[in-house]
Amino acid sequence: MTPFEKYGKLHVEGKNLADANGNTVQLKGISTHNLNEYPQYVNEEAFKQFRDEYKVSIMRLAMYSGFADNHEGYADSNDEHRAELEKIVLDGAEICKKLGLYCMIDWHILLDYDPNMHTDMAIRFFKNICPKLKEYDNVIYEICNEPNMNLETKEEVTWDDIKRYANQVIPIIKETDDSKIIIVGTTIWSQGVDEAADAPLDYENIMYTLHFYADTHRDKLRDKFTYARSKNLPVFVTEFGVGRADGDGDINEEQSEIWINLLNEEKVSHIIWNLSNKDETSSIIAAKCDKTFGFTDEDLSPCGLMMKEIMAK
Ligand code: IDC
């Protein structure tokens, strides 16, 4: 039975992700790296292996909206490249649908730290893809990966700024399709679930993002998580790492375990960063491996091997 056959179309019920019968559902999965840079991993053979062997139930397609690592994002590129990106995302959603996997489509803001910077482009993106994905009950939208700060002024994007953006983009998605779950990033690189819990948005089927990197974020962030849950906030960990927040550094097994146990107790869904063979700790494929599917354990990095354990837990 595929994950979709098991749970069907999902919705948000109270603070949980739920199936049609109201049973709480916890999804676990893998996020791609930047699709501008690593589109080759979006393929059926790979996703099928993740489903069957690693017990993955969701894939996250991280589509960078802005420039990063010498690659243009959707917003700062040209129409041709934008159409290519839309195609990768639509293909990814199709592959997931065929395999009975859930698929998260992530408008991955990052160095473009304020979602309001590219609202027009986000609207364009969702206006283009949403009608095409209306019948895709496996799709979940994530509208702003990680709001963060202006590196020059060091000013943090506020929860009110994020809400201003969300209140423009969510209605665009809901216009075509009012039944999809929409996930909203929170302040400080998606750590501000406490602020979201104090002033949530006013729509159905919304969840809020918490991101952690186990070697960097510990009790302080777990306290925010616990607070948000106590206020009944639906939280989705759409990205986490077992190492340091810059995606590199040492793996911290102890802290990762504390985090994953906490999420599992709460049945909070989680997605590990990242599907690539980049030479950094958070990549699940070993740097020496050029395969894009058919991975053996030798093809996985230490993070990849941990990923297998985490998915199976
Ligand atoms: C990192 C990648 C790294 C890349 C960098 C900038 O791992 O290869 O050079 O982005 O594009 C996040 C972000 C995610 C980051 C990741 C690790 O959502 O894009 O990926 N991270 O730094 N938030 C916290 C950590």
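The values are calculated or read from the model by the stated rules, or taken from the named source; none is laboratory data. Quantities reported herein were computed from a predicted structural model and do not represent experimental measurements. Cβ sites come from the backbone with ideal geometry, for glycine too, and all protein chains shown count toward neighbours. Protein only, heavy atoms only, side chains kept; ligands, DNA and RNA dropped before computing areas. Shrake-Rupley method; radii C 1.70, N 1.55, O 1.52, S 1.80 Å.
Yes/no matrix, rows are residues, columns are (1) over 19 Å from the mean Cα position of the chain (by Cα); (2) under 16 Å from residue 239 (Cβ atoms); (3) of a type outside the set (A, V, I, L, M):
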| site | (1), (2), (3) |
| --- | --- |
| 21 | yes, no, yes |
| 40 | no, no, yes |
| 67 | no, no, yes |
| 76 | yes, no, yes |
| 88 | no, no, no |
| 100 | no, no, yes |
| 103 | no, yes, yes |
| 107 | no, yes, yes |
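Residues that are surrounded by fewer than 16 Cβ atoms within 10 Å (Cβ to Cβ) and without any contact (Cβ under 8 Å) to a residue 60 or more places away in the chain: does region 54-63 have at least one? No. Scanning region 240-256 for residues that are outside any loop (DSSP other than H, G, I, E, B) and open to solvent by less than 10 Å² (accessible area, probe 1.4 Å) yields 240, 241, 256. Quick one: is residue 75 in contact (Cβ under 8 Å) with a residue 24 or more places away in the chain and not in a loop (DSSP other than H, G, I, E, B)? So residue 75 fails the test. Go through region 61-113 residue by residue and tally those that are within 16 Å of the ligand (Cβ to nearest atom) and in contact with a Cys (Cβ under 8 Å, 6 or more places away or on another chain). Number of matching residues: 3. For residue 31, all conditions in the list (1) within 27 Å of residue 179 (Cα to Cα); (2) assigned to a helix (DSSP H, G or I); (3) within 16 Å of the ligand (Cβ to nearest atom) hold save one; what is the number of the exception? Exception for residue 31: condition (2). Screening 181, 206 for residues that are aliphatic (A, V, I, L, M) and within 23 Å of residue 274 (Cβ to Cβ) leaves exactly one candidate, 181. Does residue 221 satisfy the condition of being closer than 18 Å to residue 28 by Cβ, within 15 Å of the ligand (Cβ to nearest atom), open to solvent by less than 70 Å² (accessible area, probe 1.4 Å) and not charged (D, E, K, R)? No. Of the residues screened, residue 197 is one that is surrounded by 20 or more Cβ atoms within 10 Å (Cβ to Cβ), more than 18 Å from the chain's Cα centre (by Cα) and not in a loop (DSSP other than H, G, I, E, B). Filtering region 257-267 to residues that are open to solvent by 50 Å² or more (accessible area, probe 1.4 Å) and either polar (S, T, N, Q) or within 14 Å of the ligand (Cβ to nearest atom) (or both) leaves only 261. Answer yes or no: is there a residue in region 139-159 that is under 20 Å from the mean Cα position of the chain (by Cα), part of a loop (DSSP other than H, G, I, E, B), closer than 29 Å to residue 41 by Cβ and acidic (Asp, Glu). Among the residues of region 139-159, at least one is under 20 Å from the mean Cα position of the chain (by Cα), part of a loop (DSSP other than H, G, I, E, B), closer than 29 Å to residue 41 by Cβ and acidic (Asp, Glu), which makes the answer yes.
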